[in-house]
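Below: one structure, written as structure tokens.
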Amino acid sequence: MQRFIRPALLGSLSSLAVFGAGSGTVAAKGHRFLAEVAATPREQQKGLMFRQSLAKDRCMIFVYDEDGSHGIWMKNCLISLDVVWISADGKVVEMAERVPPCSPMRGDDCPTYGGTVPARHFIEFAVGTIKSIGLKKGDRIGWDLKLDDGTPVVGGAPIPPEKTATKTKRRPK
């Protein structure tokens, strides 16, 4: 079955038109992230190329049908990223912090990162996320995604409910 890639907009002031296979939520260490999904080889190849920023509450999850050595390179990436590789059940098996962008001047001669441990998926977060939430190998991440064709992709650790703002009662005078 062939899928068509459609533009989507991220809901923030720094929104950019992106090509993604869907969206949803990724949760790690009690933090929720709005996720874009890269599910097809074309989407996975493009990833976060040419982005000028990635909000701290956003990420891109690369989903695969099988475990593998899913190394990454930063060709045409303009921003540094934190990257986390996870097993099928959401266990963090490998991490790379502050992965630098690769200068366009290098052409295809960009270094690769990760992929030294078999993993099912990987997630690209804004730089500094691993440190700020205290993520470590062995921690579990969860995801609740929906592809553009409506297919749900759910796994890993349970997603905590969204926190809602609570109103404070005023004391009578």
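Among the residues of the range 136-151, count how many are within 19 Å of Gly24 (Cβ to Cβ) and surrounded by 11 or more Cβ atoms within 10 Å (Cβ to Cβ). If you could, list the steps in order and put the result at the bottom.
Of the range 136-151, the ones within 19 Å of Gly24 (Cβ to Cβ) are 140-151.
Retained after the next criterion (residues that are surrounded by 11 or more Cβ atoms within 10 Å (Cβ to Cβ)): 140-149, 151.
Count: 11.
Where residues in the range 71-88 are of a type in the set (S, T, N, Q) and touching a strand residue (DSSP E or B) at 6+ places or on another chain (Cβ under 7 Å), which of them is nearest to Asp109 (Cα to Cα)?
Among them, the one singled out is Ser80.
Just one of Gly107, Gly138 is at positive phi and in contact (Cβ under 8 Å) with a residue 40 or more places away in the chain; which is it?
Values: Gly107 fails: in contact (Cβ under 8 Å) with a residue 40 or more places away in the chain.
Every option except Gly138 fails the conditions.
Assess whether Lys29 counts as being within 22 Å of Leu135 (Cα to Cα), surrounded by fewer than 18 Cβ atoms within 10 Å (Cβ to Cβ) and either in contact with a Leu (Cβ under 9 Å, 6 or more places away or on another chain) or at pLDDT below 95 (or both).
Working: within 22 Å of Leu135 (Cα to Cα): yes; surrounded by fewer than 18 Cβ atoms within 10 Å (Cβ to Cβ): yes; either in contact with a Leu (Cβ under 9 Å, 6 or more places away or on another chain) or at pLDDT below 95 (or both): yes.
Criteria met by Lys29.
Here are some residues: Met49, Met74, Met105. Which one is touching a Pro at 6+ places or on another chain (Cβ under 8 Å), at pLDDT below 95 and among the hydrophobic types (A, V, I, L, M, F, W, C)?
On the way: Met49 fails: touching a Pro at 6+ places or on another chain (Cβ under 8 Å); Met105 fails: touching a Pro at 6+ places or on another chain (Cβ under 8 Å).
Within the list Met49, Met74, Met105, the selection yields Met74.
The values are calculated or read from the model by the stated rules, or taken from the named source; none is laboratory data. Remember, it's a predicted structure, so these values are computed and weren't measured experimentally. FYI the Cβ positions are ideal-geometry reconstructions off the backbone, even for glycines, and counts take in every protein chain you see.
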